[in-house]
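Note sheet for the following structure.
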Amino acid sequence: MPNPSCSLFLMFTLAICPTAHGQIFQRELGDFDLKLGTTPSRSMAQGLVKPSAAGSFHGGLDLAHDSGFYVGQWSPSLGISPGNNLEVDSYAGFKQPFDHTLGYEVGVIHYSYPEVDTLDSQEIFGGLTLLGSRFGAAFSNDPDKRNSTLFANLDGNPPFGIGISMKYTTHRLLTPVAVNGGYVASFTDWSLKLSRPFMGIDLDLIYSDSSLSGSYCSAYSGHNSQCDGLVTLKAERAFY
């Protein structure tokens with residue numbers, strides 16, 4: 001199979017939210033903590049909501065109890081922009097720190113598409129938080145395949161303050177897909193994201209790729225926006 005090609009895309013996304021950081025509105029309600037914003041606020045779920053469907057209009061809410069239990073909803077696409085369908089990701093879980101440097105989190109996400117005639121899917125996840133960095137795994141049952149994901153999110157450290165997040169997923173198709181030259185029964189994809197704020201702008205440099213290429217890409221249905229290697233530079237500025 002030929003080597004994957006790489007493309008360079010520049011995307012600017014404008015988000016609107018009434019906070020100092022322009023991303024999260026937070027308020028305490030008794031023993032509960034409510035967050036509303038244009039950025040998913042839940043640590044593990046934030047790495048698992050489907051970014052490939054993200055449109056110009058997106059947002060969600062998160063409600064957490066002091067005991068560690070939480071529920072929330074995140075919509076990567078409100079279905080307002082042409083070509084984007086409404087998606088609602090509902091999640092619930094439990095997060096508990098052992099101390100200030102070590103903790104754990106488990107939960108479940110339900111992905112639904114109210115405007116599309118397709119089956120919903122579910123995902124369970126769990127992981128550890130260590131010194132501000134997060135490491136976890138997730139298992140999901142999409143209508144046409146089963147997915148196993150490993151992910152890590154390393155918070156930015158001085159002097160450069162660059163955040164690093166990685167995701168690696170194995171997809172096993174319930175029905176092999178016929179392609180030119182054979183069948184595809186499984187494939188993998190992965191992504192690496194470098195993040196850094198700069199003069200009020202959130203800058204993301206993302207590289208994504210998969211084990212498929214050439215004519216085999218007709219069977220691709222993974223997390224990335226395309227099958228072959230892709231380099232994306234994303235600049236997001238929130239106005240408030």
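The values are calculated or read from the model by the stated rules, or taken from the named source; none is laboratory data. Computed from a predicted structure; not experimentally measured. For neighbour counting, all protein chains shown are included, and Cβ atoms are generated from backbone atoms with ideal geometry for every residue, glycine included. These area figures cover heavy atoms from the full protein model, side chains too; ligands, DNA and RNA do not enter into them. Shrake-Rupley method; radii C 1.70, N 1.55, O 1.52, S 1.80 Å.
Listing for the model above:
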read-out: Strands (runs of 3 or more DSSP E) within the range 98-217 that include 3 or more residues in contact (Cβ under 8 Å) with a residue 40 or more places away in the chain and either in contact with a helix residue (DSSP H, G or I) (Cβ under 8 Å, 6 or more places away or on another chain) or open to solvent by less than 50 Å² (accessible area, probe 1.4 Å) (or both); value: 102-112, 121-130, 133-142, 145-154, 163-179
read-out: Check on SER81, open to solvent by 30 Å² or more (accessible area, probe 1.4 Å), part of a loop (DSSP other than H, G, I, E, B) and modelled with pLDDT under 65; value: no
